[in-house]
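A.B. asks: What follows is a single structure, and I will ask about it in a moment.
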Amino acid sequence: MKRTHRSLSVVGLVLWIGSLSVVAAGPITFGSLLEEMVDRDRIARFPDPEYACRQFSSYDRGMVSPEDKEGWFANGDFSQFLGVEERDGRREWVMMDVDGPGCIVRIWCTGPNMRGTLRIYVDGQDSPVISGKVVDLIGGIALVGEPLSAVRARGQNLYLPIPYARHCKVTYDGPNFWETRKNEDPFYYQINYRTYAPGTAVESFSPAVFKRDRQVLQRVQRLLLAPWEAVPAQNAVRTESLTMSKEAFQPLVITGPRAICRMTVRLEAADLEKATRSTVLVMECDGEQTVWAPVGEFFGSGLGVNPYRGWWRTVARDGTMTCYWPMPFEKQCTIRLLFLGDQPVRATVGVQSKPWTWDNRSMHFRANWHHRYPVASQPHFDWNYITIRGRGVLVGDTLALMNGVIGWWGEGDEKIYIDGESFPSHVGTGTEDYYGYAYCTPEFFEAPFHAQPRADGPGNFGRVTNTRSRSLDAIPFHTSLRFDLELWHWEKTTMAYATTTYWYARPGATCNIQPDPEEAAKGPAPVPSLWKDVPGAIEGEGLKVRRVTGGTTEVQFAPQFGWSGGRQLWWRDGKVGDTLEIEVPVDKAGRRVLKVQLTKAPDYGIVQLSWDSRKVVPAIDLYHTGVVTSGEIDLGTFALEAGTHVLGVEIVGANPKAIARHMFGLDYLKLETPGE
């Protein structure tokens, strides 16, 4: 077997874990990790036994230093491996290679055509403990189904813990794009993993262990899809509720030691979208302000009420927003709402709390909101979610943005620096990859630990909400954490960008994100129009097709191409000699100048136009290397009677460079009075 170099990041990790403490507790097992995943109270205490959370990924290795601006935002984030090994006559590309004790806690991957086998080797064994086609293993078919393994908007996710005592290696034997240069071969991946201190007892994953803990797995799978079932029994919980408004406001005050285990907020307002931004949740625990965030973004909904279901937060269709983050405090917690908008808002707040033993590992829950509008999408830059000083754990975030164009806004990679790292130990492959989906897919999805509750469209235009919460992949830090995400957009436009970060920390921790009531009071940034309606235009999509001899016609909505009204009348896949007749109503007799605006594209044909069966202007070649409008074409001046007239289109050929589908698109007509 031929081995290659190990990842340089592992060296820094080995130095870091020297400071971790070891406890003489029972061994960490597959079953205990599953139990930890749904033991909500665990996340509110600093981890014991301690661990470091890091990430391997296929990020572009040209990213070396922020001093090199081009390399720092390099975007070849696929098929980048640690090396290659020869095993049994095959080549295996190394995705992860790290010493233990540790545990894989998340694998994400995607690609146009993932044909390879994924193998996971533990403790130096020659045979993998897990092996199978990557689309089956990570996509929820071969190993475990939903929700711990599933495809979400083309992103494949596996949250099944895979512990190892001494060592772990993950390989992929599919084709490497950098060798084949085939468009179907790019392979994107991220692997989040824990490393425990030397001496921590960890039982390695094996098929026998998987079978032994099958019932635990089934229970956890079910519970993750029913997050409300993990709330303590009612006889152990104290419930408080209060209806608040701008006119009649009072805070909720709870004395400790206790922990909030469930919180709900429901807003009533004429403009709910605006209310979810301008109504701000503020919490103070033991004399420190711990939460300052607009209500919608605190609950992962973003702007407006966008229903979804996750493990830590849910949003119901009736507008009730719920979070299950445990929020412990030693002496007192105060909860209030700030009503910063200019409209009446009524809010109903419900809180359930339970007894809590406050100790030297207990942490306060925190949430901080950061917003900017307008934001220029280019040049690329690192947007800072948060920079923290203190001891704590990063547990999630929400991104709520407004994109002014249809083009993709989220090519940017996350960069997370822990305890003063000079180079981030978490480097991603794209914003949608970080949030568990792929290929800028603008569709709704939900899962226990990631969701896209809102994506307005068309395409990637308008308002979008992405949210991610963490369980086994929570990131502890001892002195500091800095979380950046590249704002990497394909097009120049104006954006609104807002991020809310969720974290726990011991008392005294600080961050650089401060309350911003002025920004919250402004409400949502306006969404620009994707298109302009041309004055005097008779829209092609609004006209009646009288007859077509071949192919099909439909209305096409694609406002990115600059059509009036964002639409055109589209004739697809006709042949040479086929004709199309379009009825044009004229309400008043008189002389009129007839103009049309058509579409040009790589698969459009050459057409001959006619008006009331009389040919007008020479044949028009509609071929173009891109999709563009033709500009207004003057077809001549006509004496028209009131009534219905006919614009005729005949396909007469195709440009030699064109894809021979002979398409035709009518954006609009104009009937203008001469001299105007």
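A.B. asks: Test Val596 against the stated conditions and say whether it is under 12 Å from Glu650 (Cα atoms) and among the β-branched types (Val, Ile, Thr).
C.D. replies: no
A.B. asks: Output the qualifying pairs, or none if there are none: Cβ atoms under 7 angstrom, residues six or more apart or on different chains, first residue in the stretch 640-656 and outside any strand (DSSP E or B), second residue among the small types (Gly, Ala, Ser) and surrounded by fewer than 12 Cβ atoms within 10 Å (Cβ to Cβ).
C.D. replies: Glu641/Ala589; Ala642/Ala589
A.B. asks: Among the listed residues Ala438, Ala447, Ala451, Ala455, which satisfies the condition of being free of Cβ contacts under 8 Å to residues at least 24 places away in the same chain and either in contact with a helix residue (DSSP H, G or I) (Cβ under 6 Å, 6 or more places away or on another chain) or not charged (D, E, K, R) (or both)?
C.D. replies: Of the residues listed, the single one that is free of Cβ contacts under 8 Å to residues at least 24 places away in the same chain and either in contact with a helix residue (DSSP H, G or I) (Cβ under 6 Å, 6 or more places away or on another chain) or not charged (D, E, K, R) (or both) is Ala455.
A.B. asks: Given the stretch 573-637, what strands (runs of 3 or more DSSP E) lie entirely inside it while holding 1 or more residues that are surrounded by 17 or more Cβ atoms within 10 Å (Cβ to Cβ), in contact with a strand residue (DSSP E or B) (Cβ under 6 Å, 6 or more places away or on another chain) and at positive phi?
C.D. replies: Once the strands (runs of 3 or more DSSP E) in the stretch 573-637 are filtered for at least 1 residues that are surrounded by 17 or more Cβ atoms within 10 Å (Cβ to Cβ), in contact with a strand residue (DSSP E or B) (Cβ under 6 Å, 6 or more places away or on another chain) and at positive phi, nothing remains.
A.B. asks: Can you report the number of residues in the stretch 133-153 which are closer than 18 Å to Thr171 by Cβ, part of a loop (DSSP other than H, G, I, E, B) and not small (Gly, Ala, Ser)?
C.D. replies: 2
A.B. asks: If you don't mind, another one. Out of Ala474, Ala520, Ala505, which single residue is closer than 25 Å to Ser301 by Cα and in contact with a Phe, Trp or Tyr (Cβ under 8 Å, 6 or more places away or on another chain)?
C.D. replies: Ala520
A.B. asks: Still on this structure, I have one more. Enumerate the pairs (first residue in the stretch 84-100 and within 23 Å of Pro163 (Cβ to Cβ); second residue anywhere and crowded, with 16+ Cβ neighbours inside 10 Å and among the hydroxyl-bearing types (Ser, Thr, Tyr)) with beta-carbon separation below 6 Å, excluding pairs fewer than 6 apart on the same chain, so at least 6 apart or on different chains.
C.D. replies: Going by the 6 Å Cβ cut-off, the qualifying pairs are Glu92/Thr171; Val94/Thr171; Met95/Tyr172; Met95/Tyr189; Gly100/Tyr164.
A.B. asks: Something else now. Out of Asp587, Asp667, Asp612, Asp578, which single residue is modelled with pLDDT under 95, in the same structural domain as Lys544 (by TED's automatic domain parsing) and under 19 Å from Leu543 (Cβ atoms)?
C.D. replies: Exactly one of Asp587, Asp667, Asp612, Asp578 is modelled with pLDDT under 95, in the same structural domain as Lys544 (by TED's automatic domain parsing) and under 19 Å from Leu543 (Cβ atoms), namely Asp587.
A.B. asks: Can you tell me which of (1) in contact with a helix residue (DSSP H, G or I) (Cβ under 8 Å, 6 or more places away or on another chain); (2) under 25 Å from Phe445 (Cβ atoms); (3) modelled with pLDDT of 95 or more is the one Ile104 doesn't meet?
C.D. replies: (1)
A.B. asks: For the stretch 25-81, which positions are closer than 26 Å to Thr110 by Cβ, hydroxyl-bearing (Ser, Thr, Tyr) and in contact with a strand residue (DSSP E or B) (Cβ under 7 Å, 6 or more places away or on another chain)?
C.D. replies: The answer is Ser57, Ser58, Tyr59.
A.B. asks: Can you pull out the residues in the stretch 606-639 that are β-branched (Val, Ile, Thr), in contact (Cβ under 8 Å) with a residue 40 or more places away in the chain and out of contact with any Pro (no Cβ under 7 Å at 6 or more places or on another chain)?
C.D. replies: Matches in the stretch 606-639: Ile606, Val607, Val627, Val628, Thr629.
A.B. asks: Restricting attention to the stretch 187-195, does a residue exist that is assigned to a strand (DSSP E or B) and among the charged types (D, E, K, R)? Write out each step before concluding.
C.D. replies: Within the stretch 187-195, the subset assigned to a strand (DSSP E or B) is 188-195.
Adding the requirement that they be among the charged types (D, E, K, R) leaves 194.
The answer is yes, given that some residue of the stretch 187-195 is assigned to a strand (DSSP E or B) and among the charged types (D, E, K, R).
A.B. asks: Show me the strands (runs of 3 or more DSSP E) found entirely inside the stretch 457-570 where at least 3 residues are at pLDDT 95 or above and within 25 Å of the chain's Cα centre (by Cα). Please lay out each step first, then the result.
C.D. replies: Values: elements: 462-469, 475-477, 480-487, 494-505, 544-548, 552-557.
Qualifying strands (runs of 3 or more DSSP E): 462-469, 475-477, 480-487, 494-505.
A.B. asks: Answer yes if at least one residue in the stretch 537-555 is surrounded by 15 or more Cβ atoms within 10 Å (Cβ to Cβ), in contact (Cβ under 8 Å) with a residue 60 or more places away in the chain and of a type in the set (Ser, Thr, Tyr), and no otherwise.
C.D. replies: no
A.B. asks: Under the condition of being touching a residue at least 60 places away in the same chain (Cβ under 8 Å) and assigned to a loop (DSSP other than H, G, I, E, B), which residue from the stretch 110-125 is nearest to Phe205 (Cα to Cα)?
C.D. replies: Only one residue fits best here, namely Asp123.
A.B. asks: Additional query: Counting only residues that are farther than 16 Å from Val464 by Cα and part of a loop (DSSP other than H, G, I, E, B), how many does the stretch 283-302 have?
C.D. replies: Of the residues in that region, 2 qualify.
A.B. asks: Let me ask something else. Assigned by TED's automatic domain parsing to the domain that holds Arg90 and part of a loop (DSSP other than H, G, I, E, B): is that true of Glu184 in this structure?
C.D. replies: So Glu184 fits the description; yes.
A.B. asks: Check Val305, Val280 and return the single one that is in a strand (DSSP E or B), at pLDDT 95 or above and in contact with a Leu (Cβ under 9 Å, 6 or more places away or on another chain).
C.D. replies: Exactly one residue qualifies, and that residue is Val280.
A.B. asks: How many residues, within the stretch 260-281, are closer than 25 Å to Pro227 by Cα and crowded, with 18+ Cβ neighbours inside 10 Å?
C.D. replies: 10
A.B. asks: Continuing with this model, one more query. When only residues in the stretch 196-219 that are outside any loop (DSSP other than H, G, I, E, B) and of a type in the set (S, T, N, Q) count, which is farthest from the chain's Cα centre (by Cα)?
C.D. replies: Per the criteria, the residue is Gln215.
A.B. asks: Please count how many residues of the stretch 459-497 are closer than 30 Å to Tyr196 by Cα and in contact with a His (Cβ under 8 Å, 6 or more places away or on another chain).
C.D. replies: Of the residues in that region, 5 qualify.
The values are calculated or read from the model by the stated rules, or taken from the named source; none is laboratory data. Quantities reported herein were computed from a predicted structural model and do not represent experimental measurements. Neighbour counts run over all protein chains shown; Cβ positions are idealised from the backbone, glycine included.
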